[in-house]
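Student: Shown below is the structure under consideration.
Taken together, the values in this text are just the output of simple stated rules run on the coordinates, not laboratory data. All values derive from a computational prediction rather than experimental measurement. As a convention, Cβ positions derive from the backbone with ideal geometry for all residues, glycine included, and neighbour counts pool all protein chains shown.
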Amino acid sequence: SGSGSVGESVNYKITGIDPGAGIMEATERAIEDYDLEDWELVSGSGAAMTAALKKAYDKEEPIIITGWNPHWMFSKYDLKYLEDPEGSYGGEEEIHTIGRLGLKEDKPEAYKVLQQFHWKEEDMGAVMVDIQEGAKPEDAAKKWVEENQDKVDEWTKGVDKVDGDKFKFIYVSWDSEIASTNVVKTVLEDLGYEVELSQVEAGPMYTAVADGSADALLAGWLPVTHKTYLEKFGDKLDDIGVSMEGVKIGLAVPEYMNIDSIEDLKE
Ligand code: PBE
């Protein structure tokens, strides 16, 4: 509104997250696809991005962020995705569970849980909101597991208990993956596993599962978000199953901003 372009109003900056995230690669692609050579994608972290969003939102100032669903920011704030007619961000994505080679033979009980692990956006959303409101990830996960025993029973159907076997998850501190990894950790612990969580950046996460130093990751966003990682490491990974359908990445802005499409950033 008023004089000046959207670009001027945000200093031609898109507020991003950690550099290794697939959404960052997709945003660099969007900058090319839409000829946004004046624009800069600023990297940081998920936490820094949501802090910047809160700050802007509270003052009704413009901001453009890298957004994804499931994420609590869409329930806390009125946001909209910018239309993406060029398809830089793909369409409907899925979240895949990815294990190291040999996991099925070595830890068949955990493997079966990972194969059967499947939930919905609102399930993950409930855990994310609890964490965002101050609960420890472990506590939010335990609470969800207690309250959703019917769903957990589906994941553990036909799975025998173990006696202190070790299992190592590797993850990135994306809010969606903090939620999923803590929930499945709780489920494996209830089956008798001793579960370790290790937090790294996206590249090292894939490397760890590919070289077998971690057992599994729950953050395989495909087919577009982590395409490059799958191309690089795919033959050293076991794509175990899909835990959630219909997830999404893109550029998001507060509803009060007067733009609807990534194309509007050109003006
Ligand atoms: N995300 C959340 C990740 C995958 C999960 C969309 C921020 C990414 O962009 O790689």
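Student: Gaussian network model of the chain, Cα springs within a sub-10 Å range: biggest mean-square fluctuation belongs to which of Thr15, Thr27, Thr228?
Tutor: Comparing Thr15, Thr27, Thr228 in the GNM, the peak value goes to Thr228.
Student: Could you tell me which residue out of Leu191, Met257, Gly234 lies farthest along the dipole of the range 134-267 toward its positive end? Charges go on the beta carbon: Lys and Arg +1, Asp and Glu -1, centred on the Cα centre.
Tutor: So the residue we want is Gly234.
Student: How long is the gain from Ala51 to Glu201 if the chain were fully straight, where each residue apart is worth 0.36 nm and the alpha carbon distance is subtracted?
Tutor: Residue separation times 0.36 nm, minus the Cα-Cα distance, leaves 52.0 nm.
Student: Given the rule -39500 (n - 2.57) for each run of at least 4 DSSP H residues, summed and divided by the residues of the chain, what is its mean residue ellipticity at 222 nm, to the nearest 500 deg cm²/dmol?
Tutor: -11500 deg cm²/dmol
Student: May I ask you to evaluate 6.51 cos²θ - 1.76 cosθ + 1.60, the Karplus curve with θ = phi - 60°, for each residue of the range 247-260 and list the ³J(HN,Hα) values in order in whole Hz, giving x for glycine and proline?
Tutor: 8, 7, 10, x, 8, 10, 9, x, 3, 5, 7, 8, 10, 10
Student: Would you work out which of Ile31, Pro62, Gly220 lies farthest towards the positive end of the dipole of the chain, given +1 charges on the beta-carbon of Lys and Arg and -1 on that of Asp and Glu, about the Cα centre?
Tutor: Gly220
Student: Quick check on the exposure proxy: order Val42, Val253 from fewest to most C-beta atoms within 10 angstrom.
Tutor: Ordered by Cβ neighbours within 10 Å, fewest first: Val42, Val253.
Student: Could you calculate the contour length gain from Asp150 to Glu189, that is, 0.36 nm times the residue separation minus the distance between their Cα atoms, to one decimal place in nm? Show your work: numbers first, answer last.
Tutor: On the way: separation 39, 0.36 × 39 = 14.04 nm, distance 1.72 nm.
Fully extending the segment from Asp150 to Glu189 adds 12.3 nm.
Student: Using +1 on the beta carbon of Lys and Arg, -1 on that of Asp and Glu, and nothing else charged, what's the dipole of the chain about the Cα centre, debye to 20?
Tutor: 680
Student: While we're looking at this one, here's another question. Pull out the extension gain between Asp38 and Asp260, defined as 0.36 nm times the separation in residues minus the alpha carbon to alpha carbon distance; nm, one decimal.
Tutor: Gain on extension, Asp38 to Asp260, equals 78.0 nm.
Student: Then there's this: Under 10 Å, Cα contacts only: if you run a Gaussian network model on the chain, which one of Glu83, Glu92, Glu37 comes out with the highest mean-square fluctuation?
Tutor: It is Glu37.
Student: Points 7 angstrom from Cα along the Cβ direction at Asp106 and Glu138: gap in nanometres?
Tutor: 2.4
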